[in-house]
Amino acid sequence: MLSLWALLLALQDFYSLTVSSYLLCFGSFFFLLQNLFKIQNHFVDWPFILLFLISLAIFTSFKFLGLGDVIYLGFLFFILGFYDTLYIIMIGSSCAGIYHLFAQEKKIAFIPFLSFGLFLLLIYQESSLY
């Protein structure tokens, strides 16, 4: 379900450079409620998460990121934890940087690259279980 939600957001962001606030918020709250016990495991990380989200909000004010990107990342922080989300950001930023070099576009959608990082992380976690 998380992969499907991320794919829908990624497709919408890729084609229109916007995401539906209903899809973003409904999916986010659904996964937060579904993972309520995991969120309690991340209480130690909350100061880091809040500090990182504040710094991302500053990037939004300078138009480096969109608000949808920050909300998407915020919910990933609370669902997956601080370190897993940092891996997603690292993968997504690296792929977006490479894409930006070749595409020569002024603005690019970032959620598709974050979703790609999420897919890779989920595949890695699934394969490490076996």
Given only helices, namely DSSP H runs of n ≥ 4 each adding -39500 (n - 2.57), what is the per-residue ellipticity at 222 nm of the chain, to the nearest 500 deg cm²/dmol? -26500 deg cm²/dmol
Take the solvent-accessible surface of the protein heavy atoms, probe 1.4 Å, and return the percent of it on the chain that carbon and sulfur atoms account for. 74
Quote the accessible area belonging to CYS25 in square angstrom, nearest 10, computed with a 1.4 Å probe and with ligands, DNA and RNA left uncounted. 50
Pairs of alpha-carbon atoms within less than 8 angstrom and 6+ residues apart define the contacts here; what relative contact order does the chain have, in percent? 33
Per-residue SASA entry for VAL44, accessible area with 1.4 Å probe, Å² rounded to 10: 120
Listed residues ASP69, ASP45, ASP13; largest mean-square fluctuation, Gaussian network over the chain with Cα springs below 10 Å, found at ASP45
Quarter of the Cα convex hull surface for the chain, i.e. its orientation-mean projected area (nm²): 8.2
Want the number for LEU32 to TYR87: 0.36 nm per residue separation, take away the alpha-carbon distance, what's left? 17.8 nm
Let me cross-check PHE116: its accessible surface, 1.4 Å probe, with only protein heavy atoms counted, in Å² to the nearest 10? 90
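The values are calculated or read from the model by the stated rules, or taken from the named source; none is laboratory data. Not measured: the values here are computed from a predicted model. When the accessible area is computed, the model is the full protein with side chains, heavy atoms only, and any ligands, DNA or RNA have been set aside. Shrake-Rupley method; radii C 1.70, N 1.55, O 1.52, S 1.80 Å.
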